[in-house]
Amino acid sequence: MNENLEQKKWDKAYVPKDVEDHWVSSWAESGIFNSYPNFKKESFSLVIPPPNVTGALHIGHALNNTIQDFLARAKRMSGKDVCWAPGTDHGGIATQTVMEKILKAENTSRGKLGREAFTNRMEEWTANCKKTILGQLKKLGCSLDFSREAFTLDERRKTAVFHAFKKLWDDDRLYRGERLVNWCIRCGTALSDIEVEHEERKGNLWHIRYQEVSGGAGLVVATTRPETMLGDTAVAVHPDDKRYQGLIGKKLRLPLMNREIPVIADAFVDSSFGTGAVKVTPAHDPNDFEMGLRHQLSRIKVISPVGKITEEGGVYAGISREEARKKIIQDLESQGFLEKTEPHPHAVGICYRCQEIIEPLLSQQWFVKTHDLAVGALKALEEGKFKIHPHSWEKPYWDWLSGMNDWCVSRQIWWGHEIPVWYCLKCNALSRDVSFHQVPNLKGVVSREKPATCPICGHAEFMQDPDVLDTWFSSALWPFSVFGWPEKNEDIERYYPTKILVTGYEIIYLWVARMQMMGLYLTGTVPFSEAFIHGIVRDKKGKKMSKSLGNVVDPIQMMEKYGTDALRFSLISQARPGKDIIFSEDSLIAGRNFTNKLWNTARFALMNAVNLEKLNSPTDSQLEAADVWILSEYQKALTSVRQEIDVYNFAGAADQMYEFLWDKFCDWYVELAKLRLQGADLEAKKTAFTVLITILIGVIKMLHPLMPFVTEEIYSVLKNWDAEPADYLINSRFPLAPEVKETEENQKGMTALIEAVASLRSLRSGLGISPGIRWQSVSVWSKQGSENERNFLKDYPQYLKTLAQCDRIEFLEAPLNFAAAITPHFNLYVPLQGHDFKQVSERLKKELARIESDINKLSQKLSDPNYISKAAPEDVSETRLLYEAARSKKARLEEFLKALS
RNA sequence: GCCCAGUUGGCGCAGUGGUAGCGCGUUCCCUUGACAUGGGAAAGGUCAUAGGUUCAAAUCCUAUACUGGGCACCA
């Protein structure tokens with residue numbers, strides 16, 4: 001056994017644990033992932049989608065980062081100046097919500113702690129999460145430049161956020177105003193439109209009669225939210241609705257409240273829905289709000305930010321919106337106003353973080369004017385400066401940007417970037433206990449620190465805006481804030497704009513679109529020219545993974561069970577552009593097996609290593625058929641892998657690598673190389689080993705982006721043989737295709753050999769002959785036109801002997817009257833005495849049936865004059881060849897069957 | 001409601017006009033020194049349905065069904 005093997009204690013099976021731990025720390029210590037601007041190379045930079053600091057990484061993160069690492073390593077090995085910047089996101093509402101749950105379990109709350117103590121607690125806790133997450137990224141093998149670690153809420157990023165805010169303010173693209181916002185009662189904050197999800201819920205359509213003040217019958221309105229009637233200020237009907245013509249302009253008496261409200265005509269109303277009459281509550285419904293503006297209706301707020309009925313709600317004041325609904329229906333019924341109740345499933349808005357039903361509420365909030373920013377982003381897409389893979393996401397992206405509303409960026413939470421606006425208490429006549437979100441027209445000063453004096457009145461008492469910015473505001477700056485923007489530094493110059501963003505489709509609008517808008521606005525360029533959108537990882541049944549369903553998969557557990565490389569392989573080989581991944585543990589088995597196969601290939605190479613001073617490439621005359629064949633296959637594999645990577649088809653690249661290593665290199669080449677490696681001819685042994693080790697080293701480099709650990713481990717032993725040894729694989733070069741020209745004769749010979757071997761193996765199995773028993777001899781007769789193939793077998797009889805396990809090969813001048821195995825080029829005869837031919841003959845009859853149906857199809861095709869005249873000539877001649885081959889095979893099969901019977 | 005994607009052997013997926021492939025699983029044979037996380041053999045699909053274009057369709061077109069997703073929501 002080779003001494004390398006002994007030193008390394010190469011187990012028969014690859015054991016990932018120790019190997020991975022070793023390389024994780026070795027890579028970290030060596031600093032090989034760090035990037036230093038190198039203007040001589042082409043830059044390739046990307047920024048990590050920063051995970052939220054809410055806990056640990058899930059399998060989706062594993063997918064996202066494996067793809068990025070694959071790219072980063074592959075590009076670095078192709079000579080690019082790669083920078084992959086890491087970091088985490090403070091995560092605003094999401095993170096605060098998690099902390100609030102923790103506090104609740106401790107019997108306290110953020111209210112009890114107060115803002116400062118709460119924020120401190122958050123910082124302490126999120127620091128831990130950050131550590132966990134970064135540790136997990138390292139464990140996953142990510143070649144991130146950890147010296148650049150950033151956090152969306154650290155000092156450098158705070159500077160970026162302030163500058164962005166200031167510029168928006170100076171350019172008059174920010175405003176504070178009263179709007180109907182999406183309010184989450186549980187989170188106690190406003191949300192932007194895209195943070196609201198819609199979900200079908202069971203509900204009712206209640207029909208309520210509103211009588212005329214004059215005593216007339218009035219009309220019946222239909223509503224799904226009866227509790228909002230307390231705030232009704234009108235009833236609307238369609239202007240053309242004949243049923244209600246007489247009522248337009250009349251006054252109705254609002255039941256329970258006794259308020260007089262007008263009947264208005266508005267084209268928004270759909271006459272065919274419900275009763276055709278709509279109650280209008282401008283303070284609690286977006287459409288009603290719009291109607292209220294058109295008809296100058298007053299806005300009566302009847303639901304408070306905590307979800308209770310306000311003082312405006314008369315006798316219902318103080319009770320929750322749910323209770324109010326029950327009570328109001330009871331009262332309407334008992335007072336005879338409720339005409340009908342029908343079941344009516346409808347979509348309700350829910351908070352994307354806590355699933356609580358959204359309440360549209362009026363309040364003072366900060367908005368970014370998005371129209372111009374969106375136009376910029378649309379233009380970039382139109383001009384091809386920004387591309388999305390797969391392309392099919394471009395249309396939804398376009399549509400969303402085209403129709404977006406202003407972006408509500410203020411959040412009534414404590415965890416986030418504080419809004420850098422200060423209000424002079426004197427100028428604004430503010431007191432500190434004011435209900436801030438109801439106060440309009442505040443005059444503010446934008447400043448990072450508390451201003452010394454008020455520029456207007458010179459007063460020195462200020463109150464900072466109590467809100468924080470939407471977490472996506474800082475995320476939108478990420479591709480440049482990571483590099484220190486608004487500083488002008490070398491990193492920005494070199495690595496910005498970034499090349500590609502890899503992310504899932506669930507945040508195309510929340511994040512991708514906003515980065516494009518802000519990037520273009522603030523830096524004048526797209527922040528990344530391409531986005532690669534991958535799918536989400538689902539469970540075995542295709543369900544989204546979620547903690548509440550209990551179907552989440554912990555990537556770390558998977559890594560420990562099967563190895564990190566197996567997980568990476570499994571994820572990548574399923575990452576088809578635009579497709580979700582159905583995850584099951586079975587898929588990791590293939591990855592583990594593949595890792596092991598590679599491991600054992602290397603183990604085999606080491607066991608058969610030849611002591612060589614230097615690894616010279618063998619001369620053409622030293623190479624034999626198998627060498628030329630495998631070098632040529634290797635060349636093809638490298639080319640396809642490169643192509644697949646270039647079009648971001650990572651799964652395709654993984655397929656190609658798998659196929660080459662396993663189905664070509666191991667199954668055929670290694671078996672043939674054994675003849676020389678384990679033979680007596682030292683020169684031949686050297687040649688075979690040279691080819692073997694050259695390709696193996698190339699394969700290891702090719703596979704490194706996919707499976708960094710096992711390849712690095714193997715390389716650490718094999719690199720002595722590498723012509724261009726590197727300290728680590730990431731610093732080596734992605735292999736270049738060897739210059740080998742395989743002759744057509746050689747290619748055909750190998751194909752014929754493989755066919756012959758398969759055919760003999762099939763025969764062996766059909767006869768029930770144990771794989772351990774060798775044939776005494778195989779006699780080969782070649783059909784006409786197969787001289788090349790016959791000569792190939794003659795030149796390399798050892799190939800067929802070793803692969804088909806036979807001791808002697810004879811070449812016949814004429815066919816015998818029975819055959820044993822039939823291939824397109826040969827009849828192969830073996831001694832069949834003492835074997836049960838029945839099974840063989842059954843099998844061959846099946847084969848005959850198959851070939852007859854082939855012949856039918858082919859002859860039908862060839863007898864069609866249209867086909868002959870219209871199809872491509874190469875295709876026709878190809879078909880003719882197939883037809884001839886099939887006929888020949890049929891004839892030979894029939895002969896054999898006749899001899900058997 | 002509008003839009004997009006998908007529908008291929010038991011499961012997960014390749015395959016964009018010229019005789020249907022892969023992985024996992026299944027059945028049978030085999031522990032001969034790289035690997036049983038292995039080797040060999042085999043079974044298993046009229047490529048959702050109906051039309052159309054074409055000499056030729058899993059592949060292009062149309063419609064339908066189902067699944068998933070995006071957007072917008074009618075109170």
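Observations on the model:
- In nm, spacing of pseudo-spin labels at A:Val196 and A:Ala347 (7 Å Cα→C-beta vector): 1.1 nm
- A simple count of charges around A:Glu530, restricted to other residues whose Cβ falls under 11 Å of its Cβ and scoring Lys, Arg +1 and Asp, Glu -1, yields +3.
- Top positive-direction residue, dipole computed over the stretch A:502-635 with Cβ charges, set A:Gly578, A:Ala513, A:Ile589: A:Ala513
- Counting only Cα atoms, the stretch A:818-901 measures 54, 19, 14 Å along its principal axes, largest extent leading.
- Residue-normalised accessible area of the stretch A:499-544, given per residue in Å² at a 1.4 Å probe: 31 Å²
- When a 1.4 Å probe is rolled over the protein heavy atoms, the share of accessible surface on the stretch A:759-811 that falls to carbon and sulfur comes to 42 percent.
- Here the stretch A:659-719 has 49 percent of its accessible surface on carbon and sulfur atoms, given a 1.4 Å probe and all protein chains in place.
- Histogram of C-alpha separations across the stretch A:133-269, 10 Å bin width, %: 9, 20, 21, 18, 12, 11, 8, 2
- Distance between modelled label sites at A:Lys104 and A:Gln678, nm, 7 Å Cα→Cβ extension: 6.7 nm
- Pairs beyond 24 Å (Cα-Cα), from A:Lys540/A:Lys579; A:Lys748/A:Lys783; A:Lys664/A:Lys741; A:Lys138/A:Lys540: A:Lys138/A:Lys540
- Principal axis dimensions, largest first and in whole angstrom, of the stretch A:605-672 by Cα: 40, 23, 22
- Of all segments of chain A bounded by chymotrypsin sites (Phe, Trp or Tyr not before Pro) found in a DSSP loop with no more than 11 other C-beta atoms within 10 Å, the longest spans A:274-901.
- Overall Cα dimensions of chain A - principal axes, largest extent first, Å: 115, 65, 54
- Equivalent-ellipsoid semi-axes of the stretch A:167-224, from the Cα gyration tensor, Å, largest first: 39, 20, 9
- Eigen-decomposition of the gyration tensor built on the alpha-carbon atoms of the stretch A:793-862 gives equivalent ellipsoid semi-axes of 27, 18, 11 angstrom, largest listed first.
- Considering all different alpha carbon pairs of the stretch A:230-331, the Kirkwood hydrodynamic radius works out to 14.2 Å.
- Distance distribution P(r), the stretch A:1-119, all Cα-Cα pairs, bin width 5 angstrom from 0: 2, 8, 11, 13, 13, 11, 11, 11, 8, 5, 3, 2, 1, 0, 0 percent.
- The mean sequence separation of alpha-carbon pairs under 8 Å and at least six residues apart, normalised by the residue count of the stretch A:486-592, gives a relative contact order of 25 percent.
- Relative contact order (%) - the stretch A:799-880, alpha-carbon pairs under 8 angstrom, separation at least six: 12 percent
- Computed over the stretch A:758-826, the P(r) curve from all C-alpha pair distances, binned at 5 Å from the origin, holds 3, 16, 28, 28, 17, 7, 1 percent per bin.
- Relative contact order [Cα under 8 Å, 6+ residues apart], the stretch A:791-841, whole percent: 16 percent
- Point-charge dipole on Cβ atoms (K/R +1, D/E -1) for the stretch A:451-571, about Cα centre, debye to 20: 840 debye
- Distance between modelled label sites at A:Asp11 and A:Asn817, nm, 7 Å Cα→Cβ extension: 6.1 nm
- Rg over Rh for the stretch A:576-719 works out to 1.00, both radii taken from alpha-carbon positions and Rh defined as the Kirkwood radius.
- Ellipsoid equivalent to the stretch A:647-785 - semi-axes via the Cα gyration tensor, in Å: 34, 19, 17
- Within chain A, longest stretch clear of exposed trypsin sites (Lys or Arg not before Pro) (DSSP loop, no more than 10 other Cβ within 10 Å): A:203-431
- Relative to the globular-protein estimate of 2.2 N^0.38 Å, the Cα radius of gyration of the stretch A:715-861 stands at 1.42.
- Ranking A:Phe660, A:Ala217, A:Trp414 by Cα position along the charge dipole of chain A, where only Lys, Arg, Asp and Glu carry charges on their C-beta atoms, puts A:Ala217 farthest toward the positive end.
- Taking amide H positions as modeled 1.01 Å from N, with prolines and chain starts lacking one, the residues under 5 Å from A:Gly578 and 5 or more places away or on another chain are A:Gly535.
- Relative intensity of the stretch A:504-627 on a log10 scale, I(q)/I(0) at q = 0.09, 0.12, 0.17 Å⁻¹, equals -0.52, -0.73, -0.96, per a Debye sum over C-alpha point scatterers of equal strength in the absence of solvent.
- Euclidean distance between Cα centres, the stretch A:636-663 to the stretch A:841-871, Å: 34 Å
- Prolate/oblate/rounded label for the stretch A:563-659 (Cα gyration tensor, a/c 1.5): oblate
- Dipole of chain A [Lys/Arg +1, Asp/Glu -1 at C-beta], most positive-end residue of A:Ile492, A:Val278, A:Ser529: A:Val278
- The length gained on full extension between A:Asp620 and A:Asn120, counted as 0.36 nm times the residue separation minus their Cα-Cα distance, comes to 172.9 nm.
- Whole-angstrom gap from the stretch A:410-473 to the stretch A:215-264, using each part's C-alpha centre: 41 Å
- Translational diffusion coefficient (Stokes-Einstein; Kirkwood radius from C-alpha pairs) of the stretch A:321-416 at 37 °C, 0.692 mPa s, in µm²/s: 180 µm²/s
- The order of A:Leu338, A:Leu46 by accessible area, most exposed first and with a 1.4 Å probe, is A:Leu338, A:Leu46.
- Neighbour net charge for A:Lys540 - beta-carbon separation under 10 angstrom, K R +1, D E -1: 0
- Solvent-accessible surface of the stretch A:284-381, averaged per residue with a 1.4 angstrom probe and all protein chains in place: 49 square angstrom.
- Per-residue SASA entry for A:Asp795, accessible area with 1.4 Å probe, Å² rounded to 10: 110 Å²
- Ligands, DNA and RNA left out, the 1.4 Å accessible surface of the stretch A:338-386 is 51% carbon and sulfur atoms.
- Per residue, the stretch A:212-271 exposes an accessible area of 40 Å² to a 1.4 Å probe, with every protein chain left in place.
- Convex hull per residue volume in Å³, alpha carbons only, for the stretch A:365-431: 145 Å³
- Estimated dipole of the stretch A:72-210 in Debye, rounded to 20 [Cβ of Lys and Arg +1, of Asp and Glu -1, Cα centre]: 340 debye
- Cβ-based net charge around A:Glu197, under 13 Å, with every Lys or Arg adding one and every Asp or Glu removing one: -3
The values are calculated or read from the model by the stated rules, or taken from the named source; none is laboratory data. Remember, predicted model here, so these are calculated numbers, not experimental data. Ideal geometry is used to build each Cβ from the backbone, glycine not excepted, and the neighbour counts take in all protein chains shown. In case anyone asks, the SASA skips ligands and DNA or RNA and just uses the protein heavy atoms, side chains included. Shrake-Rupley method; radii C 1.70, N 1.55, O 1.52, S 1.80 Å.
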